[in-house]
Each structure stands twice: as structure tokens, then as C-alpha cells.
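Enquirer: Input: one structure, supplied below.
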Amino acid sequence: EKISFNYPDGLDLFKNFSMSIGYGTSVGIVGDTGSGKTTLAKLLLRLYDPSSGAIKIGDHNIKEMSIASLRNKIGVVNQETFLFNGTIKNNIAYGSSNCSEKDIVIAAEQSQCVEFISTLRDGYDTVIGERGQKLSVGQKQRLAIARAIYKNPPILIFDEATSAVDNLTERLIQEAISEISKGRTTIVIAHRLSTIRHADRIIVIDNSKIIEDDKHDNLVDIDNGFYANLWKIQTGEGN
């Protein structure tokens, strides 16, 4: 609600910026580099606080919530994933207070991880190496999604989660996002528009302002629209 924010020694990134996301909906956020997409996620996680205005979950101002309580409600999958030199199951359960074998398997199934775990000799007990070096980029991303699912938060944020994967892996991740979005509020920050085309709503941000806000099918029909032009470029229809 009417937030303003600037990084230290920087110009205002947001000024009187407002946006509302309905509970249980999936929302894609698109914009050029530097438009403020990732900053919105950082503000929601309270990695930074706005200089004015309020960010609320329901009726609760997140400034009035403890950091632990706030972040327990949010699962995040970043482009860069932190994995440690342990087993697949321990990486999935990382950060959680308990380790339920049943819930680990459910998280792996919903994140499309079973597709590659089933091919490993030691399955869930496979040690993946420092930073997950024994896995491909796409496998690491799906493992990160499994970890977010295992946490079972009401809010999920995907920040450029498909930007560095091939088309087949992107499709698997799309299927994972579609599956785990059910009953959760899901925010997908994306450069690849194919990742978010089925979102309930797509918000286009330019120069830290919302310039378009609609479903994919409606946005691509806007003559010379930001989203429509970007879609044409990514699908090879534009210049």
C-alpha cells in the first residue's frame, strides 16, 4: 500500500507503489532488468523495509510480525540455489524441524524430482556433492522447488527459477509450479513468458510502475503492448 523505497545512495525505485494479490492466486511478474521485480520479493521477505507505506499479509503489517514468523509463511525458489554436500532427502528437508520420509517423497513427486531420483542408484540417499555439483542445473532447481514444497508455506515466490534451464526442464518446472500453486498464493518473477502464461494474472512492471495487468490471452492482444511485443520476440514472431 503506497510504498516508497530506494537502495542506499540510489534514486527512488518505488514511489507510492500499490499492488494487491488475492489469496490462493498465481501471479506472474514481468519487466525489464532493473524494473524492481526482485526488489518486491526482497521487500516481502523484509530483507529491506520500505521508507514509507505498508506491506500486509491479510490485515497484518509485516513490520509487526517477527522475521521468523514471516519467513515461515513464505517459500522461495531463486535462480541460484543453495545446496549442501548431503543426501537428496536431507537437502529437501533442510531448514525444517522434522524429517518425514513420506512428506519428502510427496515433495519430490510434486516438484518433478522423481524423474531423475528414480535413475540414481542410491535414490533419496544419493549424496549430491558441494553445491549439488553432481546434479544438472535443472535438477538443482527442481530440488529447490521440492524443498519449498516440503516447507509447506501458504506463499511461494519463484524468482527467475527457469532462466537457466533447457526447454524440457522448463516444462517440468512449469508442471511443478502448476501443481504446487493449488491452494497457495504463488508469485512467479520471470523473464521467460512461457513460464507464466497460465498464471491467473500477469503484472507488467516498467520503471517501477505497473503498466499492464491482465491474463496472458488479453495481454498478447494489446496492440504494441509491452507484454505483447515481448511475447512476439520470445516466440520468434517479432523483430
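The values are calculated or read from the model by the stated rules, or taken from the named source; none is laboratory data. Computed from a prediction, not measured in an experiment: that's the story for all the values here. Glycine gets a Cβ as well: all are built from the backbone with ideal geometry, and neighbour counts include every protein chain shown. These area figures cover heavy atoms from the full protein model, side chains too; ligands, DNA and RNA do not enter into them. Shrake-Rupley method; radii C 1.70, N 1.55, O 1.52, S 1.80 Å.
Enquirer: Could you tell me how many of the residues in region 91-106 are without any contact (Cβ under 8 Å) to a residue 24 or more places away in the chain and surrounded by 16 or more Cβ atoms within 10 Å (Cβ to Cβ)?
Expert: Residues that pass the stated criteria total 1.
Enquirer: Of all residues in region 1-36, how many are open to solvent by less than 50 Å² (accessible area, probe 1.4 Å), over 29 Å from SER194 (Cβ atoms) and in contact (Cβ under 8 Å) with a residue 12 or more places away in the chain?
Expert: Going through region 1-36 one residue at a time, the tally reaches 3.
Enquirer: Please find, within region 64-81, the residue that is surrounded by the fewest Cβ atoms within 10 Å (Cβ to Cβ) out of those that are free of Cβ contacts under 8 Å to residues at least 40 places away in the same chain and out of contact with any helix residue (DSSP H, G or I) (no Cβ under 6 Å at 6 or more places or on another chain).
Expert: ALA68
Enquirer: What number of residues within region 107-123 are at pLDDT 85 or above and open to solvent by less than 40 Å² (accessible area, probe 1.4 Å)?
Expert: 6
Enquirer: Look at GLY28 and say whether it is within 23 Å of THR185 (Cα to Cα), in contact with a helix residue (DSSP H, G or I) (Cβ under 9 Å, 6 or more places away or on another chain) and outside any loop (DSSP other than H, G, I, E, B).
Expert: Answer is yes for this residue.
Enquirer: Scan region 174-233 for residues that are open to solvent by less than 10 Å² (accessible area, probe 1.4 Å), closer than 23 Å to GLU109 by Cβ and of a type in the set (Gly, Ala, Ser) and report the count.
Expert: Residues flagged as open to solvent by less than 10 Å² (accessible area, probe 1.4 Å), closer than 23 Å to GLU109 by Cβ and of a type in the set (Gly, Ala, Ser) within region 174-233 amount to 1.
Enquirer: If you scan region 124-139, which residues turn out to be crowded, with 18+ Cβ neighbours inside 10 Å and either of a type in the set (Asp, Glu) or in contact with a Ser or Thr (Cβ under 6 Å, 6 or more places away or on another chain) (or both)?
Expert: GLY138
Enquirer: Kindly indicate which of THR39, THR87 is closer than 21 Å to LEU13 by Cα, open to solvent by less than 30 Å² (accessible area, probe 1.4 Å) and polar (S, T, N, Q).
Expert: Just one listed residue meets the conditions, THR39.
Enquirer: Looking at region 158-178 only, could you name the residues that are acidic (Asp, Glu), assigned to a helix (DSSP H, G or I) and at pLDDT 75 or above?
Expert: GLU175
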